[in-house]
Amino acid sequence: QVQLVESGGGLVQAGGSLRLSCAASGRAFSGYAMAWFRQAPGKEREFVATISASGESTYYASSVKGRFAISRVNVKNTAYLQMNSLKSEDTAVYFCAATRTPYTLVGVTFYDYWGQGTQVTVSS
C-alpha cells in the first residue's frame with residue numbers, strides 16, 4: 001500500500017511559479033511511475049504530467065509542455081511538479097498519483113494510488 005501526500009499549492013499571480021511536492025510512503029516507490037493530474041470546478045480530472053519509475057522518461061499534456069517540469073527523487077520517496085509561467089486556466093486541485101508499473105501512463109484509470117489534492121489558484 002502506498003500513501004501520497006501533496007503540498008506546495010497556493011495562490012499565485014499569473015506568470016508566477018509554484019513547486020508541488022508529493023511525498024510517498026512505502027518501499028515500493030522507486031518501482032512505480034508517478035503522475036500529476038488536475039481537476040477544475042465542474043470539469044473532469046485531466047492528465048498533466050508523468051514520470052517513469054527510473055525518472056528517465058517523462059511526458060506532458062500539450063497545455064503545460066514547456067512550462068511545467070515533473071521530477072522525482074527516489075531516495076526521498078518524493079515527486080515534484082515545477083510550474084512556471086502560470087496562467088489562470090491552470091487553476092485547479094492538483095493530485096499526484098502512482099501506478100504499480102514503472103512506465104509512463106496517461107489515463108486516470110491506470111493509477112492505483114492517489115493523494116488528497118492541493119489547491120492551486122492563479123489570479124489574473
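Observations on the model:
- Loop sites in the range 74-103: chymotrypsin sites (Phe, Trp or Tyr not before Pro), DSSP, at most 14 other Cβ within 10 Å: TYR103
- Loop sites in the range 1-102: GluC sites (Glu not before Pro), DSSP, at most 13 other Cβ within 10 Å: GLU44, GLU56
- Charge dipole magnitude, Cβ of K and R +1, D and E -1 - the chain, Cα centre, debye nearest 20: 180
- Mean separation of Cα contacts under 8 Å, 6 or more apart, over the residue count of the chain: relative contact order %: 36
- FRET efficiency for THR121 and ASN74, using Cβ-Cβ distance with R0 set to 30 Å, rounded to 0.05: 0.50
- The chain shape via C-alpha gyration tensor axes, a/c threshold 1.5: prolate
- The chain - percent of accessible surface contributed by carbon and sulfur, probe 1.4 Å: 49
- Per residue, the solvent-accessible area of the chain (1.4 Å probe, heavy atoms of protein chains only, all protein chains present) comes to 51 Å².
- Trypsin sites (Lys or Arg not before Pro) lying in DSSP loop within the range 1-69, provided at most 13 other Cβ fall within 10 Å: ARG27, LYS43
- Sites SER25 and LYS65, calculated FRET efficiency, Cβ-Cβ separation with R0 22 Å, nearest 0.05: 0.15
- For the range 51-124, the relative contact order works out to 31 percent when only alpha carbon pairs closer than 8 Å and six or more residues apart are counted.
The values are calculated or read from the model by the stated rules, or taken from the named source; none is laboratory data. Everything numeric in this text was worked out from a predicted model, so none of it was measured. We place every Cβ from the backbone using ideal geometry, glycine too, and count neighbours over all the protein chains shown. In case anyone asks, the SASA skips ligands and DNA or RNA and just uses the protein heavy atoms, side chains included. Shrake-Rupley method; radii C 1.70, N 1.55, O 1.52, S 1.80 Å.
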